[in-house]
Amino acid sequence: MRAVVLVLDAKPDVTVLRKHYPPDHPLIAVDAFGERPVTLESAGASQARFVVFPPVDPYVDLASVAAISRIAERLRAPDGCPWDREQTHASLRPHLLEEAYEALEALDSGDLDRLRDELGDLLFQIAIHAQLAHEEGAFDIADVARRLGEKLIRRHPHVFEGVAIEGGDLLAQWERIKREERAGEGVLGGVPKDLPALFAAERLQERAARVRMVPPRIDLPVDVDDPEFLGELLFDLVGAAREQGFDAETALREANERFMKHVARVETRARTDGRALESYSADEMRALWDETTQ
């Protein structure tokens, strides 16, 4: 967004330059005979000592995340949008949640055009939160992208480093790496506390199952053999709870809390025994679960 003068004391890395300048961006080569126009591709082959890169229109490449970030910055500027200037992380929280649910609804609809638009709205929410954090001196969207890239590479050593998957269990390796990243967090760390209770129950059980932690279940008098029947069964359970004056969401949320406390007891016992959760067989984990039941 500012003029840049490149000193051609070596052949420039055009790959890097392409990330910041469009191929048709007008450049100016400067040598002993004066100035002449050049292109990004021909700049490196010229005999000029300097190449001037005029500023790029901040909104010329709307297909880039950087442009979306600059739009968020412009909206938050003193002469930007009054509504956007007033927003905070807290005031934007319901909008972030709403956009996430709208993206999920578009995903379920199978309408890819709608999904594209809803993902765009969600991306802008991310950009505006990153801009707010930047104004607070914390981070910007480039930092967000960098941390994401580092995390994805770190969590896939079998892809980026050619490291064999430990024990052949990919999910166990994933959980181990995540726990190493989040020192002090248990196997259930990272499940958002504000998830709807049913969604949270699925995620909590999924995380626990990755280390063979599967609690005993109530024997149902019916077979749950297809999604439609499962939906009707859950719907009827909510109805039965309502008739008894119970709040099904609250009841399930409290069950999730009990499950989390039980998992924490299992983890404490494993630490006392000096063992990693992944080292327990399924039978050993069932025994450990029973032993830590209160």
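Details
- Added length on full extension, which subtracts the Cα-Cα distance from 0.36 nm per residue, PHE199 to GLU232: 10.2 nm
- Carbon and sulfur %, accessible surface of the chain computed with the full protein complex present, 1.4 Å: 58 percent
- Per residue, the convex hull volume that the Cα atoms of region 223-294 enclose (Å³): 133 Å³
- The length gained by stretching the chain between ARG146 and VAL4 to full extension, at 0.36 nm per residue less their Cα-Cα distance, is 48.7 nm.
- Under-23-angstrom lysine pairs by C-alpha in the chain, whenever the two are 8 or more apart or on separate chains: 7
- Projected label distance in nm at ASP247 and SER42, using a 7 Å step from Cα toward the beta-carbon: 7.1 nm
- Cα centroid of region 237-285 to Cα centroid of region 129-202, whole Å: 22 Å
- Range in the chain, longest, excluding exposed GluC sites (Glu not before Pro) [loop by DSSP; at most 16 other beta-carbon atoms within 10 Å]: 1-135
- The chain, Rg to Rh (Cα coordinates; Rh as Kirkwood inverse mean 1/r): 1.10
- The chain - mean residue ellipticity at 222 nm from DSSP helices (-39,500 (n - 2.57) per run, n ≥ 4, rounded to 500): -18000 deg cm²/dmol
- Note on VAL163 and PHE139: the extension gain reaches 5.4 nm, defined as 0.36 nm multiplied by sequence separation minus the Cα-Cα distance.
The values are calculated or read from the model by the stated rules, or taken from the named source; none is laboratory data. Model, not experiment: these values are computed from the prediction. Cβ atoms come from the backbone with ideal geometry, glycine included; neighbour counts cover every protein chain shown. Heads up: the accessible areas ignore ligands, DNA and RNA and are worked out on the full protein's heavy atoms, side chains in. Shrake-Rupley method; radii C 1.70, N 1.55, O 1.52, S 1.80 Å.
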